[in-house]
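To start, the structure itself, in structure tokens.
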Amino acid sequence: MEMEQATQAAIPREKPKKAKQEKTLNQSYWSKYGIFYLMMAPALIVLIINNYIPMVGGLIAFKNMTYSSPSFFQNFADSPWVGWDNFKFLFQTSDAWLITRNTLLYNVVFIVMNLIFGVGFALLFNSLRSKRLAKFHQTTMFLPYFLSMIIMAYLVYAFLNPEIGIVNKVIFPWFGWEPIDWYTEPKWWPVILPLINIWRNVGYYAVIYLAAIIGIDHEYYEAATIDGASKWRQIWSITIPLIRPVIITMTLLQIGRIFYADFGLFFQVTRNAGALYDTTLVIDTYVYQGFMVMGDIGMSSAAGLYQAVIGFVLVLASNLVVRRVSRDDALF
Amino acid sequence: MTTTTLKRKRAKAFSVSEVSRGSNLAINIFFWFYTLLCVIPLLLILAVSFSDEQRVQLNGYKLWPEKFSLGAYDFLVKDWKPIVESYGVSLFVTIVGTLVALTIMTLYAYPISRRDFKHRGIFTFIMFFTILFNSGLVPFYLTYKQGLHLQDTMLVLMMPFFVQAFFVLLIRTFFQNSIPPALMESAKIDGAGELRTFFQIVLPLSLPVLASVGLLCTMNLWNDWFNSLLFITPDGPMSIQFRMYRALLDIQYLSSNSQAYSAIMQANPNFQMPSETARMAMAVIGIGPIIFVYPFFQRYFITGLTVGAVKG
């Protein structure tokens, strides 16, 4: 009743004389929606500082930065443009190839492992008979995901410490193997890092895939069982196809970030050991090392912009590919 | 009667999806093994922290202390100030940072969730674009350090977390899908303004998503060390993570200053710094609170993460 009356009362007000209409509409727009702009203002200010000023600041890759003034903005305005010089220097070094290769290869391995182990663990969880035990295992498996990379570094160090770590001091002697100086031998890290990465992340991916699997209607399985389909057959023909959208979304998110490495993993867990750079230096750690330690602002900002632009293109491209294949699964 | 048939039906559905006894056993064994794999590294650190320093130096880390000792904790307690200070910094940054972040992000998410707001497209894009394009470390660092001169402040540890586009879009999607528009409509008819509708109708209904996002923010802030690495010098506020990082590189960072250390040395010239065990004790102190709150909040984390995986 009340609503009806209100709408009836509102109708005649919506048709005032034409001359006045625009003005009153404008006024009522601001009195109604003006508050929205105020609500968004704090976040916009933070966004400008955190994201949009640095985005424009990324152009220092084309400048020869000078430090005559204490203010970044003044320096930015004063420094001369040098075109592509910084990029030329960067790509003349062998580092450019090394960091690109390491970043991409590690990420490819991580993406594949996250997918296989994530889906695998989720399937196993789903088939555990005792749901309470499943909950318990899920909780412990998720634990590493909540630990900071510093703690990861401590854990790994407790195992790999060359003199007194548990690997060299306890495990290897069991098998009669020679101890390995882990933090100076680069060849082992392409194995170690993926293992640590999956140990840390599998809980996260398993939980997400499990949520999708639990959402599947039981009747599909009942029908399949009546038709005599085996467990394996059910997984391949029902479970996997039905969670495909989630698989695609999760993988796409990772592919979009394939040019970005997990800084903490490569910086903390390797203890940023220079002897390991051959197999552990990635774009993010290279930029940090070049900028914060060597102070080479030109080359590191060039590497940063190279990463940002290629990364951006890759997100768009991977999304485009998915749009072509199945429109509903695309991110945007 | 209907309930019994329903029950039977559910029981049947359950049995249909169940694996055989044998494979169930195999899966169980596998998960017990994996659970051990997740817990053992933490137990190792705990064991070392309670071990005798000399035995550890000699025989390496052991999963069970060869000789039980409280020496490491004793050492940390004697010079407790830096650790307590770091805890204070971490707590402050985490609590204030989370509250501010939640407020700012929620306030932004509401307008862009309203279909009748004509600029919602552009403001959504402004947010979304920060996910697609990341300007990188160097200009970010220069903006904070030489643009705003915020080094060695607590603000610099919080501000990068104030707005995370992913969370904003998460909250927006929740507003869009879970708040019935009719409810807002009726509030408006009753004469409530936009602000009042937001605070009295929308927010109380959004507590689940706010809890999840808040917990994710808390975790990000508590675990952060990267901003400390960039902006905090030894004179600045040192969070617990950052102190752990410095202690892993150099055990002396556990002491507030070298004077305290030399005072201990003067009091007892034979004193040997329990470097290995103290380091691990430090890690235990750092991990402690996470382990304690983890089981309680885990559920909300999981809802937050799984909701996040569903695109909006």
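Packing, taken as the mean count of other beta carbons within 10 Å per residue, orders the peptides B:279-291, B:182-194 from highest to lowest as B:279-291, B:182-194. Computed on chain A, with alpha-carbon pairs under 8 angstrom and 6+ residues apart, the relative contact order is 23 percent.
Between the residues B:SER212, A:ALA273, B:PRO295, the greatest Cα displacement towards the positive end of the dipole of the protein assembly as shown, with unit charges on the Cβ of Lys, Arg, Asp and Glu, is found for B:SER212. Dipole magnitude for chain A: computed about the Cα centre from +1 point charges on Lys and Arg Cβ and -1 point charges on Asp and Glu Cβ, it is near 1060 debye. Summarising the amide proton neighbourhood of A:LYS63: residues at separation of 5 or more, or on other chains, whose placed amide H is nearer than 5 Å comprise A:VAL82. Rounded to the nearest 100 Å², what is the buried accessible area between B and A, both sides summed, probe 1.4 Å? Summing both sides, the interface buries roughly 9800 Å². For region B:16-73, a crude dipole built from +1 on the beta carbon of Lys and Arg and -1 on the beta carbon of Asp and Glu, taken about the Cα centre, is about 80 debye to the nearest 20.
Take the residue pairs A:LYS187/B:LYS62; A:LYS63/B:LYS145; B:LYS78/B:LYS145; A:LYS131/A:LYS231 and return only those whose Cα atoms are more than 30 Å apart. Pairs exceeding the cut-off: B:LYS78/B:LYS145. Here, the protein assembly as shown has an Rg and a Dmax of 28.0, 96 Å when only alpha carbons are counted. Suppose R0 equals 35 Å. What FRET efficiency, 1/(1 + (r/R0)^6) with r the Cβ-Cβ distance, do B:LEU37 and A:ASP278 give to the nearest 0.05? Rounded to the nearest 0.05, the efficiency is 0.75. In terms of accessible area, using a 1.4 Å probe and ignoring ligands and nucleic acids, B:ARG196, A:ARG323 rank largest first as B:ARG196, A:ARG323. With a 10 Å cut-off around each Cβ of B:29-37, the average count of Cβ atoms from other chains is 4.
Its Cα centre serving as origin, region A:67-197 has a Cβ charge dipole (Lys and Arg +1, Asp and Glu -1) of approximately 900 debye. In this structure the protein assembly as shown gives 49 Å² per residue of accessible area when probed at 1.4 Å with all protein chains present.
Sequentially through region A:40-56, phi angles give Karplus couplings (6.51, -1.76, 1.60; θ = phi - 60°) of 7, 4, x, 5, 5, 4, 4, 4, 4, 5, 6, 10, 7, 4, x, 4, 5 Hz, Gly and Pro residues having no value and appearing as x.
Rounded to the nearest 10 square angstrom, B:PHE297 shows an accessible area of 80 square angstrom against a 1.4 Å probe. When a 1.4 Å probe is rolled over the protein heavy atoms, the share of accessible surface on the protein assembly as shown that falls to carbon and sulfur comes to 66 percent. Report summary: the helix-based calculation at 222 nm, which adds -39500 (n - 2.57) for every DSSP H run with n ≥ 4 and divides by the residues of the protein assembly as shown, gives -22000 deg cm²/dmol. Residue by residue along B:238-244, Cβ atoms of other protein chains within 10 Å of the local Cβ number 2 on average. With contacts taken as Cα pairs under 8 Å and at least 6 residues apart, region B:16-73 reaches a relative contact order of 29 percent. Looking at B:LEU230, B:PHE31, A:ASN75, which one has the Cα that reaches farthest to the positive end of the dipole of the protein assembly as shown (charges on Cβ: Lys, Arg +1; Asp, Glu -1)? Farthest towards the positive end: B:PHE31.
Residue by residue, region A:60-72 carries 3J(HN,Hα) couplings of 4, 4, 9, 10, 9, 5, 10, 10, 5, 10, x, 9, 4 Hz when phi is fed to the Karplus relation 6.51 cos²θ - 1.76 cosθ + 1.60 (θ = phi - 60°); x denotes Gly or Pro. Computed across region A:85-329, the Kirkwood radius stands at 20.6 Å (inverse of mean 1/r, all Cα pairs).
A:ASP262 sits among other residues whose Cβ lies under 13 Å from its own Cβ, and their net charge, with Lys and Arg +1 and Asp and Glu -1, is +1. Solvent-accessible surface (1.4 Å probe) assigned to A:TYR220 amounts to roughly 120 Å². Distances between placed amide hydrogens fall under 5 Å for B:SER51 paired with B:SER69, all partners being 5 or more residues away or on another chain. Shielding by partners for peptide B:63-76, expressed as the average number of C-beta atoms from other protein chains within 10 Å of each residue's C-beta, is 0. B:PHE199 accessible area, nearest 10 Å², 1.4 Å probe? That residue has around 110 Å² of solvent-accessible surface. Of the residues in region A:45-90, those shielded by at least 50 Å² of accessible area once partner protein chains are present, compared with the chain alone at a 1.4 Å probe, are A:VAL46, A:LEU47, A:ILE49, A:ASN50, A:TYR52, A:PRO54, A:MET55, A:PHE72.
In order along region B:294-303, the phi-based Karplus estimate (6.51 cos²θ - 1.76 cosθ + 1.60, θ = phi - 60°) of 3J(HN,Hα) comes to 3, x, 6, 9, 3, 4, 5, 4, 5, 4 Hz; Gly and Pro are listed as x. Of B:ILE201, B:LEU248, B:ILE40, which is farthest on the positive side of the dipole of the protein assembly as shown, counting Cα position, with +1 on Lys and Arg Cβ, -1 on Asp and Glu Cβ, and the Cα centre as origin? Of the candidates, B:ILE201 comes out farthest on the positive side.
The values are calculated or read from the model by the stated rules, or taken from the named source; none is laboratory data. For clarity, every value in this text was computed on a predicted model and none was experimentally measured. Note: ideal-geometry Cβ built from the backbone for every residue, glycine included; neighbour counts use all protein chains shown. Accessible surface areas use protein heavy atoms only, side chains included; no ligands, DNA or RNA. Shrake-Rupley method; radii C 1.70, N 1.55, O 1.52, S 1.80 Å.
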